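Bear in mind that the values in this text are calculations on the coordinates, not laboratory data. The model shown is predicted, which means the values in this text are computed figures rather than measured ones. We place every Cβ from the backbone using ideal geometry, glycine too, and count neighbours over all the protein chains shown.
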């Protein structure tokens, strides 16, 4: 993938508030972010600092209370739910801390699922991604038969099946031991070297240090960008 | 997608299995009931047609009595004079007039009541479905008796044996035993008409006259019925009236069973609702992940609704299979308790009944799945990132 001038994600004055009982919680306040194609960005911060909320907004899973956000050139506040779903399906890949694999499906079926939802099933790409993530030998196993590291590799393969422009990962090493985390970290690094834009929410310092840019959040605001 | 749906359903095999059992029983009940309605009418019509008569002359009373007499050999306190038979035989439209004298003998010791039927040759001619066991023959004297298969089994008699009736103090010779026909004939004692009239102290009296016409066309039936209706103390019951009486009788039973079926169906629906709702609650995170990775609201709604449809249709198909295989057993169980049960089998699953039951259960399944599917479709994709669900 060649870098282009247009940012993959551009957020201006992002605010996300929601009611909690009688008070209004400001999870994200006045955030301006621009992520260029091929960039590797880590979002760090203490628990409750707004990292996950920001990831939800950047991933089109939620809409901001105010401000604008463009993903792959599309302003999401103007998109219908169907269009936003399509955007997530076609342009974005997600990796979850809890892996988010469907327990009744095999590894290959889990990886193929977004392609099936996109009406473009591609078995050879499934195998190609399983090969790349080093999990091909587990192709017909169920998630319950895999280790944490293996499950996260499957989740990464699934996130890549529709050739997304942006990979969003929420604490991808959060449930893994340090040795396994290292291998996942390497894999994410390799994907970025191949040109994939990556945004990672993490507590893992090593993972954050691998990023081109670290955005530090506190109380919903960006307090530092390095 | 169907593969995912099936796998999800079998994730909890006991829960899904129990739902299927409930639905199957409802579907089986519904299929049996719908088939039964059609089969009962057809079987009653066949029984009446087989007698080859178009009407009956009975003592004045309700049509039910006439109808019951036609098929079950029931008795009444009142009777007809033999002169009615002569008038009927002389009617130019009548091909055959067959007299019957029926009376009951209570057997207090055995706690049962035996039905004795007096017949003449004309009446025997109308019983074209009679089949005798080997060694049997027709009446060969005033004291001969023909036994229905069950009556012979109860009395432990075979052709050529003696049969003593202590209540009437009469000795009979068993002239014949009928093969089982599944009709009320199986439990009856048939004797010559004159013998029956003497035995029960009503010489020259009849309880019914079956009438066969030369031309069984509706206008001829109506015209003859109008003429015979004028016989004093007699009333005419046509075949159509008898059929109507039987169907009315069975309609109330059908309504009751239908009510039970509806209750069973409603219970099953709650079971489907519970199963699908539990699936939604249990898989909240998975469903949210599916929304996050690109499944639309409508797609998720359809997928959950499809789970409901798959469970419902599977239950319906199992129920139809159950009705087809177990229906016969059920019929044998309830046949003795049916009012005026016809001789023909009542339980053959018809395509109509199977399709109707499947459609009803599928529609009900869709209704049961609507709310859980709606709840699933409302799941926010951001829930996929939450760790507390």
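For residue A:213 and residue A:6, the FRET efficiency from 1/(1 + (r/R0)^6), where r spans their Cβ atoms and R0 equals 22 Å, is about 0.80.
Report the calculated FRET efficiency for residue B:171 and residue B:129 (r = Cβ-Cβ distance, R0 = 30 Å), to the nearest 0.05. If you can, show how the numbers build up before the last one.
Details: r = 29 Å, r/R0 = 0.97.
The formula returns an efficiency of 0.55 here.
What FRET efficiency comes out for residue A:118 versus residue A:83 if R0 is 22 angstrom and r is the Cβ-Cβ distance? Round to the nearest 0.05.
Working: r = 14 Å, r/R0 = 0.64.
Between residue A:118 and residue A:83 the formula returns 0.95.
What's the extension gain from residue A:163 to residue A:203 if we count 0.36 nm per residue and subtract their Cα-Cα distance? Write down the numbers at each step before the final one.
Numbers: separation 40, 0.36 × 40 = 14.40 nm, distance 2.68 nm.
Separation in residues times 0.36 nm, less the Cα-Cα distance, equals 11.7 nm.
Distance between the modelled labels on residue A:66 and residue B:262, one decimal in nanometres: 5.8 nm (7 Å Cα→Cβ projection).
For region A:1-57 versus region B:1-47, the inter-centroid distance based on Cα atoms is 53 Å. Only Cα pairs under 8 Å and at least 6 apart count here; give the relative contact order of chain B as a rounded whole percent. Across chain B, relative contact order equals 29 percent.
Please report the antiparallel percentage of DSSP beta bridges with both residues in the protein assembly as shown, rounded to the nearest 5.
On the way: 51 of 78 bridges.
Percentage antiparallel, nearest 5: 65.
Mean per-residue shielding of peptide A:105-114 is 2, counting Cβ atoms of other chains within 10 Å of each Cβ.
Which percent, nearest 5, of DSSP beta bridges in chain A are antiparallel?
Working: 20 of 38 bridges.
Among the beta bridges of chain A, antiparallel pairing accounts for roughly 55 percent.
The modelled label-to-label distance between residue B:91 and residue B:140, using points 7 Å beyond Cα along the C-beta direction, is 3.7 nm. The ranking of B:130, B:10, B:374, B:116 by Cβ neighbour count inside 10 Å, starting from the fewest, reads B:10, B:374, B:130, B:116. With both residues required to sit in region B:55-215, DSSP beta bridges show an antiparallel share near 75%.
Shielding of A:131-138 by partners, i.e. mean partner chain Cβ atoms within 10 Å per residue? Numbers along the way, then the final one.
Working: counts 0, 0, 0, 0, 0, 0, 0, 0.
Going residue by residue through A:131-138 and averaging, the value is 0.
Put a dot 7 Å past the Cα of residue A:182, heading toward its Cβ, do the same for residue B:355, and the two dots end up 6.9 nm apart.
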